[in-house]
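Report on the following structure.
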Amino acid sequence: MVGCVVLAAGASSRFGSPKQRLLLEPVLARVRRSSVDEVVVVLGAHGVETSAHTVRCPEWERGPGASLRCGLQALPAETEAAVVVLGDGPNLAPEAIDRVLAAWRSTGAEIVAATYGGVRLHPLLIARAQWPAVPDEGLRTRDAVLVPCDDLGPPGDVDFADEIPETLMRPKPPTAES
């Protein structure tokens, strides 16, 4: 079983309001199109309604690693590995998650990360054996098997309101229920 931890605990101070309210559901929709089995969203500074299981991390201010540890603890005991994505990466490609998973399955590496143009970004995967060793600052400095995802485009990292993709700002067309 492979879980996914969506990190959405930050204060959104540069954004000016809880960006999770706008960005989290589109990210979750993309995660659900991948082959992960379970999804946990880690919240911290803001309570946000979401369609996924959530856990509040009381130590979110310590850093992304603290939030990641909260999410990992919330996954079922039979979870072998966890994919990690950011709740403010609205361009996340489900195929990038699946590539990282495939690389983990074929190599057995304990940490696997996607790269875009040679830059290491999300998603990344951490095998259960490494969960206790997650530092407060996160996994960026830890060695990883790198998986090129150049053709998919980076997931994005929205820090300011003017960085939100236009497609998220358009009104949704009416449905048969509305």
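The values are calculated or read from the model by the stated rules, or taken from the named source; none is laboratory data. None of the values given here were measured: they were computed from a predicted structure. FYI the Cβ positions are ideal-geometry reconstructions off the backbone, even for glycines, and counts take in every protein chain you see. These area figures cover heavy atoms from the full protein model, side chains too; ligands, DNA and RNA do not enter into them. Shrake-Rupley method; radii C 1.70, N 1.55, O 1.52, S 1.80 Å.
Which ³J(HN,Hα) values, rounded to whole Hz and listed in residue order, are derived for the range 33-38 from phi using the Karplus coefficients 6.51, -1.76 and 1.60 in 6.51 cos²θ - 1.76 cosθ + 1.60 with θ = phi - 60°, glycine and proline given as x?
Using θ = phi - 60°, the values come out as 7, 8, 9, 6, 9, 9 Hz.
Explain nothing, just compute: Karplus ³J(HN,Hα) = 6.51 cos²θ - 1.76 cosθ + 1.60, θ = phi - 60°, for every residue of the range 109-121 in order, whole Hz, x for Gly and Pro.
Values, residue by residue: 4, 7, 9, 10, 9, 6, 10, 9, x, x, 9, 6, 9 Hz.
Quick one: which residues, 5+ away or cross-chain, put their amide H under 5 Å from the amide H of THR54? H built at 1.01 Å from N.
Placed amide hydrogens put VAL41 under 5 Å from THR54.
If the chain between ASP150 and GLU80 were fully stretched, how many nm would it gain, using 0.36 nm times the residue separation less the Cα-Cα distance? It would help to have the intermediate numbers written out before the result.
Working: separation 70, 0.36 × 70 = 25.20 nm, distance 2.70 nm.
Net length gain for the segment: 22.5 nm.
Rounded to the nearest 20 debye, what is the charge dipole size of the range 71-156 about its Cα centre when +1 sits on each Lys and Arg Cβ and -1 on each Asp and Glu Cβ?
About 120 debye.
Compute the distance from the alpha-carbon center of the range 82-136 to that of the range 36-70, in whole Å.
The range 82-136 and the range 36-70 have Cα centres spaced 17 Å from each other.
Quick one: Karplus J couplings for the range 92-105, per residue in order, coefficients 6.51, -1.76, 1.60, θ = phi - 60°, nearest Hz, x for Gly and Pro?
3, 8, x, 5, 5, 4, 5, 5, 4, 4, 4, 5, 4, 5
Between ARG128 and ALA29, what's the calculated FRET efficiency when r is the beta-carbon distance and R0 is 30 Å? Round to 0.05.
0.70
When only the heavy atoms of the protein chains count and the probe is 1.4 Å, how do GLU49, GLU59, GLU137 rank by accessible area, highest first?
Values: GLU49 175, GLU59 90, GLU137 125 Å².
Reading off the accessible areas and sorting them downward yields GLU49, GLU137, GLU59.
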